[in-house]
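All remarks here apply to the structure that follows.
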Amino acid sequence: MENPFKFGTVVDGEFFTDRTEELKYVHQVLNSENHLVLISPRRFGKTSLVHKAALETGRPMLFLNLEAVTDKRDFALALLKRLFKLFPMERIKHLMKNFRFVPTLSMTPTGDSIDVSFVPQVDNNVVLEDVMSLMDRVSNDDKRLIVVLDEFQEVNEIEKKMDRQLRAIMQLQSNINYVLLGSQESMMREIFEHKKSPFYHFGTVMSLGKIPYADFASYISQRLSRLGNVDIDAITDNILKFTDCHPYYTQKLAFHVWNLMEEGCTDNDIVERAISDSNEIHDMDYERLWMTMNKTDKKVIRFISKNASSPMASSEIGIPSSTVFSSLKRLTRNGYVVKSDRYQVDDPFFAKWIDTKM
């Protein structure tokens, strides 16, 4: 049988887990003329949720991760390339007649897509304004374009004060639903909830949390039960205790447990064995990651890994509280640590690796 657990890519169909109420809410926003701001830590399923909602509307969706953008010109170019994939070339070429610059269009060697480039001396502000204006004109009331910008907190890393230009353009558009995703909560809330920010109250803000234990337990046990007579409830509980219901890592661990069960493993410690097998595969990856950290960050993340249920105490780490705070801020920014009711290592497999080896 095919392994019913999927992680690391956008999921849909039977791989999509719960999120019934969240999906309903996203639909409500997309069916209005409003915009959505969706905040959650990385790998919580933001992209899968929005992809599923957009797919069910039957409307065109343009997706772009801002972390893949290098500057304002690159941002405009990425948007235009995606438009050519969504709409017929002749329609877009007709609407481009009002452009203040003439992009160069050519077929790729395989002939299955369009390559686009800009004349170097054209002003980047003009390029971005014209491309985003085209996005609005190519859309219509019947099938409004859904534009998803992921990791939106990086907007001003692309270029300083770029948020001001984007907001000035977006507020005049009427045929687009924007969905702005972000994994850095403090930065996203600064952008959308600070009164002096250009994007203050731009759209409805939604936080995406972990999948509730009962819903995730039902999802896992139903799938694992296809393999035979073992204590599915106990295995499921051990999976969720280890991952703390983190969507990505739960799917990952359940995937490895399934593989062991399919091989005939019925040991009581099957979950521990799956964790060990996974960490053995990624041992060198975690080693390289560990070596990129400075000494302070290593001390802090090691303390969190070994004292998962304890509050952070700088005296126990042996470094000043201000230094601990700076380290936590850095580790959180880089996605290694997350904070809910307490600080946690985002990746429970990495935390296990640290606890075992360091």
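The values are calculated or read from the model by the stated rules, or taken from the named source; none is laboratory data. Quantities reported herein were computed from a predicted structural model and do not represent experimental measurements. Because the Cβ atoms are built from the backbone with ideal geometry, glycine has one as well, and the counts that use them run over all protein chains shown.
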Exercise. Is there a residue being in contact with an Asp or Glu (Cβ under 8 Å, 6 or more places away or on another chain) and closer than 15 Å to ASN177 by Cα anywhere in the stretch 61-79?
Worked result: yes
For this session: Find all pairs meeting these conditions: Cβ atoms under 7 angstrom apart; at least six residues apart or on different chains; first residue within the stretch 280-301 and closer than 19 Å to VAL324 by Cα and β-branched (Val, Ile, Thr); second residue outside any helix (DSSP H, G or I) and modelled with pLDDT under 95.
Result: THR296/ILE319; ILE301/TYR336; ILE301/VAL337; ILE301/VAL345
Exercise. Restricted to the stretch 58-79, and to residues that are of a type in the set (Gly, Ala, Ser) and surrounded by fewer than 20 Cβ atoms within 10 Å (Cβ to Cβ), which residue is nearest to LEU134 (Cα to Cα)?
Worked result: ALA78
For this session: For the stretch 2-57, name all the residues that are among the basic types (Lys, Arg) and either touching a helix residue (DSSP H, G or I) at 6+ places or on another chain (Cβ under 8 Å) or surrounded by fewer than 19 Cβ atoms within 10 Å (Cβ to Cβ) (or both).
Result: LYS6, ARG19, LYS24, ARG42, ARG43, LYS52
Seminar exercise, completed: Residue pairs qualifying under the 9 Å Cβ cut-off, at least six apart or on distinct chains, with the first in the stretch 217-234 being under 12 Å from VAL257 (Cβ atoms) and the second being in a helix (DSSP H, G or I) and hydroxyl-bearing (Ser, Thr, Tyr), are ILE220/THR236; ILE220/THR250; SER221/THR236; LEU224/THR236; ILE232/SER221; ILE232/SER225
Exercise. For the stretch 259-286, what are the residues that are more than 21 Å from THR243 (Cα to Cα) and under 29 Å from the mean Cα position of the chain (by Cα)?
Worked result: MET284
Seminar exercise, completed: The residue that is surrounded by the fewest Cβ atoms within 10 Å (Cβ to Cβ), considering only those in the stretch 181-195 that are without any contact (Cβ under 8 Å) to a residue 24 or more places away in the chain and within 24 Å of GLU33 (Cα to Cα), is LYS195
Exercise. Name the strands (runs of 3 or more DSSP E) wholly within the stretch 31-145 that hold at least 2 residues that are under 18 Å from the mean Cα position of the chain (by Cα) and in contact (Cβ under 8 Å) with a residue 12 or more places away in the chain?
Worked result: 36-39, 61-65
For this session: Please state which of the following conditions ALA274 fails to meet, knowing it meets all the rest: (1) among the aliphatic types (A, V, I, L, M); (2) in contact with a His (Cβ under 6 Å, 6 or more places away or on another chain); (3) within 21 Å of MET358 (Cβ to Cβ).
Result: (3)
For this session: Taking the options LYS160, LYS210, name whichever one is farther than 19 Å from LEU86 by Cα, within 16 Å of the chain's Cα centre (by Cα) and outside any helix (DSSP H, G or I).
Result: LYS210
Exercise. Considering ARG189, ARG167, ARG144, which residue is within 25 Å of TYR25 (Cα to Cα) and modelled with pLDDT of 95 or more?
Worked result: ARG167
Exercise. When residues of the stretch 160-177 are filtered for being touching a residue at least 60 places away in the same chain (Cβ under 8 Å), in contact with a Lys or Arg (Cβ under 7 Å, 6 or more places away or on another chain) and surrounded by fewer than 17 Cβ atoms within 10 Å (Cβ to Cβ), how many remain?
Worked result: 0
Problem set entry | Odd one out for SER225, checked against (1) within 16 Å of ASP18 (Cα to Cα); (2) of a type outside the set (Phe, Trp, Tyr); (3) assigned to a helix (DSSP H, G or I) | (1)
